[in-house]
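The values are calculated or read from the model by the stated rules, or taken from the named source; none is laboratory data. Remember, it's a predicted structure, so these values are computed and weren't measured experimentally. For neighbour counting, all protein chains shown are included, and Cβ atoms are generated from backbone atoms with ideal geometry for every residue, glycine included. When the accessible area is computed, the model is the full protein with side chains, heavy atoms only, and any ligands, DNA or RNA have been set aside. Shrake-Rupley method; radii C 1.70, N 1.55, O 1.52, S 1.80 Å.
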Amino acid sequence: MKKLNRETWLNAGAKELKKLFKENGYDLILKDVRITCSYPTSGAQSGKRGGQTIGQCLYNFNSKSEILISPEIDESTEVLQVLTHELIHSYLGLGSGHGREFGKVARKLDLQGKLTATVAGKLFTQEAKKIIKKIGKYPHE
C-alpha cells in the first residue's frame, strides 16, 4: 500500500470504522462527512487531554459534518478512538450531545470512561489494531 497522508489515512480509517459500526447495528453514512487534522474550535464537545480539545464534530457545515482531529495526538489507536467518538456525533446528528443515545452507541463500540472524554476499551483496541495493520500507522509526527 502506498504511503498515505493524514487526511487520506483518517478517511481510510473511517471506512474501516464504518464496518465496526455496521457489525454493531449502526449504518454510518460517510458521504456527508469530511474529516481532517486540525485544531478544533473553542467550545468543542469532545474529549480533552491536558486541557486541549482533541476532537470535534461540526454539524451541517456546508451540508456536511466536519470532523476535526487535533494534531496534538499522533498514536494510531488513540486517533481511531477519537475519530470513532466524533463519528458517533456525526451519526446521531445535531443535538445529540453526550446523552443517552451517544452513550448507548459508544458503549456498544467499546468506548469507555466519561462520555465527554471516551477512551478505547479492550475490544475497541483489538479492532483498532486490525485497522492499523490494514492501513498502516497514522502518518503524523
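Only one entry in Leu4, Leu94, Leu80 is at pLDDT below 95 and under 19 Å from Lys134 (Cα atoms), namely Leu4.
Only one entry in Glu101, Glu86, Glu78, Glu72 is charged (D, E, K, R) and buried (at least 21 other Cβ atoms within 10 Å of the Cβ), namely Glu86. Yes or no: the range 37-44 includes at least one residue that is open to solvent by less than 20 Å² (accessible area, probe 1.4 Å), out of contact with any His (no Cβ under 8 Å at 6 or more places or on another chain) and at pLDDT 90 or above. Within the range 37-44, not a single residue is open to solvent by less than 20 Å² (accessible area, probe 1.4 Å), out of contact with any His (no Cβ under 8 Å at 6 or more places or on another chain) and at pLDDT 90 or above. Within the range 119-138, track down each residue that is part of a loop (DSSP other than H, G, I, E, B) and open to solvent by 40 Å² or more (accessible area, probe 1.4 Å). Within the range 119-138, just Lys137 meets the criteria.
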